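Engineer: The following block contains the structure, expressed as structure tokens.
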Amino acid sequence: MNLFERYLTIWVALGMIAGVLIGQFLPFIPATLSKYEYAQISLPVAVLIWAMIIPMMMQIDFSAINNVRKRPKGLVITTVINWLVKPFTMYFISWFFFTQVFSAFIPLELGKEYLAGAVLLGAAPCTAMVFVWSYLTKGDAAYTLVQVAVNDLIMLFAFAPIVILLLGVGEIFVPWETVLLSVVLYIVIPLLAGTVFRTLAIKSKGEAWFKKTLLKKLAPVTPTALIVTLVLLFSFQGEVIIKQPLHILLIAVPLIIQTFFIFFLAYGLAKFFDLEHSVAAPGAMIGASNFFELAVAAAIGLFGFQSGAVLATVVGVLVEVPLMLILVKIANSTRSSFR
């Protein structure tokens, strides 16, 4: 690992601080960038996510995707955890903290709104950032792509029924534009771009040059784009962080517990079933992280921009990257216990 990657946690912390400061003292920057948005998706952030994901997509050998069907266990574990476990444990853990443990600090009605936001996060496993976590844990790029694609397909049909079941919302608003646009922006476009770049590079310079030279030169692009993305996200939410620090900390508690629980459950099952680390680590990351663009958009559509549900989904955005980097470190430090 180079110097930048070795101290990535420090750069992340500095990026978070820089984002909050920009939001407070240079508010015209996030105000201007927030205008470039469609279906609750920030287009500048989407471009940065391309910078994070495309280098990983370039590593995918499509012939390897055919081998995924020969190793179904990882896909089964990810699917079961994401859709039969995660939404329900998110509900229970969040309900326990927001309506019981923190009842002295959070009014009951507001606690229910926070619970709604947490459920929206729990019903939406991650789409884009998983490719970054997979890259940082030396995951199998082709297998990760299939895992994410299967989860996205299930999400199109399962998101609304699960949220209706857990929250009893009734005629739930599902931001289909956000779901479909995210699939295009975060999977289709990066995959096509990565495939084209890979093909052209190998055809021009050969596979040895592609692997030993080009991929090494592109290595700093993903973590650098990650830091810049974090700066933007925290600049967008700087005002919220300053105004409601206590509630942000309280909301973060069940989200953090849920993240670690889901990761270790999926990671432990992968170990039990003797999966390769390159499949186990990204698979556990998919369930541990969230599709926060979808959750935020759904919360705004259901409960309004100023609701507690929206604040809960925003806190999900704020805590996700630092938490996932901790899990990346855990996954990398336990690599030797997997085959």
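Engineer: Residue under question is TYR114, and the condition is that it be closer than 24 Å to ILE251 by Cβ and assigned to a helix (DSSP H, G or I); does it hold?
Structural biologist: Working: closer than 24 Å to ILE251 by Cβ: yes; assigned to a helix (DSSP H, G or I): yes.
Here the answer is yes, as TYR114 does meet what is asked.
Engineer: Sticking with this one: Of everything in the range 193-223, what is of a type in the set (S, T, N, Q), farther than 28 Å from TRP11 by Cα and surrounded by 13 or more Cβ atoms within 10 Å (Cβ to Cβ)? Give them in sequence order.
Structural biologist: Correct list: THR195 only.
Engineer: Another one. Within the range 326-339, track down each residue that is assigned to a helix (DSSP H, G or I) and surrounded by fewer than 20 Cβ atoms within 10 Å (Cβ to Cβ). Talk me through it step by step, then tell me what you get.
Structural biologist: Taking the range 326-339 and keeping what is assigned to a helix (DSSP H, G or I), we get 326-333, 335-337.
Those that are assigned to a helix (DSSP H, G or I) and surrounded by fewer than 20 Cβ atoms within 10 Å (Cβ to Cβ): ILE326, LYS329, ILE330, ASN332, SER333, ARG335, SER336, SER337.
Engineer: Helices (runs of 4 or more DSSP H) wholly in the range 59-110 with at least 1 residues that are of a type in the set (Phe, Trp, Tyr) and either closer than 20 Å to PHE263 by Cα or out of contact with any Lys or Arg (no Cβ under 8 Å at 6 or more places or on another chain) (or both) - which ones?
Structural biologist: 62-65, 86-96
Engineer: Mind checking which residues of the range 119-131 are in a helix (DSSP H, G or I) and within 16 Å of PRO161 (Cα to Cα)? Lay out the reasoning, then the answer.
Structural biologist: In the first step, residues of the range 119-131 are kept if they are in a helix (DSSP H, G or I); the result is 119-122, 130-131.
Of everything in the range 119-131, those that are in a helix (DSSP H, G or I) and within 16 Å of PRO161 (Cα to Cα) turn out to be VAL119, LEU120, LEU121, GLY122.
Engineer: While we're here: So if I check each of GLY316, GLY287, GLY283, which one is under 17 Å from LEU115 (Cα atoms), under 13 Å from the mean Cα position of the chain (by Cα) and assigned to a helix (DSSP H, G or I)? Can you show your working first?
Structural biologist: Values: GLY287 fails: under 17 Å from LEU115 (Cα atoms); GLY283 fails: under 17 Å from LEU115 (Cα atoms).
Unique residue meeting the criteria: GLY316.
Every number in this text was worked out from the coordinates using simple rules, so none of it is lab data. None of these values were measured; they are calculated from a predicted model. So basically every Cβ, Gly included, is an ideal-geometry build from the backbone, and we count neighbours across all protein chains shown.
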